[in-house]
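Structure record follows, encoded as structure tokens.
The values are calculated or read from the model by the stated rules, or taken from the named source; none is laboratory data. Everything numeric in this text was worked out from a predicted model, so none of it was measured. Cβ: placed from backbone, ideal geometry, glycine included. Neighbour counts: every protein chain shown. Note: accessible area is taken over every heavy atom of the protein model, side chains too, but ligands, DNA and RNA are not part of it. Shrake-Rupley method; radii C 1.70, N 1.55, O 1.52, S 1.80 Å.
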Amino acid sequence: MPDGIIRVGTDEWEIPVGYVPGMRVPGRFFLSEALAGLLEPGALQQLANVATLPGIVRYSLGMPDLHWGYGFPIGGVGAFSLDEGVISPGGVGFDINCGVRLFTTPLVRADIKKPRELIESLYRAVPTGVGAKSTAKIPKEALLSMMVKGARWAVETGYGTTRDLTRCEEGGAMNDADIRAVSEKARARGIPQGGTLGSGNHFLELQEVSEIYDEKAAAAFGVKMGQVCCMIHCGSRGLGHQVCTDHLKVLETATKRYNIALPDRQLACAPAGSPEGQAYYGAMAAAANYAWANRQMILHAARKEFVRMFGMDYESMPLVYDVAHNVAKIEEHTVEGRRARLLVHRKGATRSFGPGAPDLPGDLAAIGQPVIIPGSMGTSSYVLAGTATAMERTFGSTCHGSGRIMSRSQAKKKLTGKEVADALLARGIIVRAPNEAAIADEAPDVYKPSSEVVQVVHDAGLSTLVARLTPLGVIKG
Ligand code: 5GP
Ligand code: MN
Ligand code: MN
């Protein structure tokens, strides 16, 4: 660990005020010894930089998947006062409301006699790759509804069931979307991409439930040993990216106008209540809603393939949950014994609300929110449950994945996409992607070991292990 970092618990570390000039609060992060060895020092610097921002509350927080990102680190959480605090696109990321959802099927692995055929038909059903175009013709007015109603628009349009909405963070839509703050250019990018997976890290994966850690929570979440599940990871595509790009420009100017001193230009921000801050918040919410609609459309397309190939009921494939991992939201939290409304930025971090959280459907109220943490195409992914400890310590947040340890260019030098795919196939995992290069970028060893990362959040009590999922086949964007 770099000099000056203080160990404050088994897997918990502090960056004291003063580590970089201007810090208003300390940084706190969660890492085991083994993961500490994989940490990029730049990510700690970024975590400390976030602690200099006006109105930050208690700590700048890092989860065990912490790594370098644009301005804010990925695996970072920052909560800001609504009166004195700021909002920053760097604290959300370019892929606004990138997130993960998981649905179960009534199948077990042995029911899938032709796995290659299933993967191929899912691949055909879900447009994939950088410029993937939607098969659904989305009219201009529908785009507006997507941005306002999110997953509800999709369900009303025939993509899914109303029950699905109860299994989405925020019910699948944020209330404060402001479509006026979404540029024509962003809209134009959104129209052809509704219902598409995108590229790179995004995926649709067939998995098998291979271990249950918590029987009661697993039963409440509808997750059973041996069951085949499907996990979907994607976000707001070009629309969200454009919203981020557009508003970063505005906020870079606003930073100067409001005399906010920044250690890094990439932390461009504005007071949460300023016109510029509000415009970004409204546009970000619109992009987040688009992402929820997008994941709902993909869920529907995947379910239809299962219905077609196995003749099962559409309703026999319930959604376990959908979480956002790149978003800023106004939430109520207890700080020093008092309830406060805060603007919580989660950038590569997942909400982890504990039992009794207002947003949970009745049957999950006693258990906590389902948390979905992907691993990699060759390692396990996990379902966890949100906790009271997360509410107390991390503004109800946990990690979002394993986190990258190798850049895309490094990965490409190591193995070719074909070598990676062949090695996975030898382990029974089918990989399908539009091109092979995309596979090399995403080899399992470009990520930290997922088991280690989730163990840290489990031990720290930020979310508790419920089930382990192993990959059977994956579609990569
Ligand atoms: P991000 O949104 O930060 O790009 O990725 C979230 C996480 O997804 C990564 O940290 C990684 O752990 C996980 N991940 C990336 N690719 C795959 C994949 O193909 N399958 C699974 N299960 N997880 C993946
Ligand atoms: Mn993501
Ligand atoms: Mn993404």
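One table, with the values for the structure above:
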item	result
Span from the the stretch 237-263 Cα centroid across to the the stretch 171-221 one, whole angstrom	24 Å
Semi-axes of the equivalent ellipsoid for the stretch 401-477, Cα gyration tensor, largest first, Å	26, 15, 9
Label-point gap, in nm, between residue 156 and residue 252 - each point 7 angstrom along Cα→Cβ	3.8 nm
For the chain, accessible area per residue (1.4 Å probe, heavy atoms of protein chains only), Å²	36 Å²
Interatomic Cα distance distribution for the stretch 283-358, bins of 10 angstrom, percent	15, 34, 27, 17, 6, 1
Cα centroid of the stretch 39-83 to Cα centroid of the stretch 316-343, whole Å	18 Å
Over 25 Å between alpha carbons, listed pairs 133/304; 414/476; 149/476; 140/347	149/476; 140/347
Computed over the stretch 58-174, the ratio Rg/Rh where both radii use C-alpha atoms and Rh is Kirkwood	1.04
Rounded percent of accessible protein surface that carbon and sulfur make up, the chain, 1.4 Å probe	53 percent
Gain in span if fully extended, residue 84 to residue 140, counting 0.36 nm per residue against the direct Cα distance	16.4 nm
Förster radius 25 Å - calculated FRET efficiency between residue 110 and residue 422, Cβ distance, rounded to 0.05	0.55
Computed lengthening from residue 304 to residue 359, 0.36 nm per intervening residue step minus Cα-Cα distance	16.9 nm
Scaled radius of gyration (Cα, divided by 2.2 N^0.38 Å) that the chain gives	0.91
Kirkwood Rh and Cα Rg combined as Rg over Rh, evaluated for the stretch 217-288	1.27
Chain lengthening between residue 261 and residue 211 when straightened (0.36 nm per residue, less Cα-Cα)	13.1 nm
Loop-resident sites, the stretch 350-450, for trypsin sites (Lys or Arg not before Pro), counting at most 14 other Cβ within 10 Å (DSSP)	427
Distance between modelled label sites at residue 330 and residue 388, nm, 7 Å Cα→Cβ extension	2.9 nm
Diffusion constant of the stretch 350-436 at 25 °C, which comes from Stokes-Einstein with the Kirkwood Cα-pair radius and 0.890 mPa s, µm²/s	158 µm²/s
Residue-wise HN-Hα coupling along the stretch 429-441, computed from phi with Karplus coefficients 6.51, -1.76, 1.60 (Hz; x: Gly, Pro)	9, 8, 10, 10, 8, x, 8, 6, 4, 4, 6, 4, 4
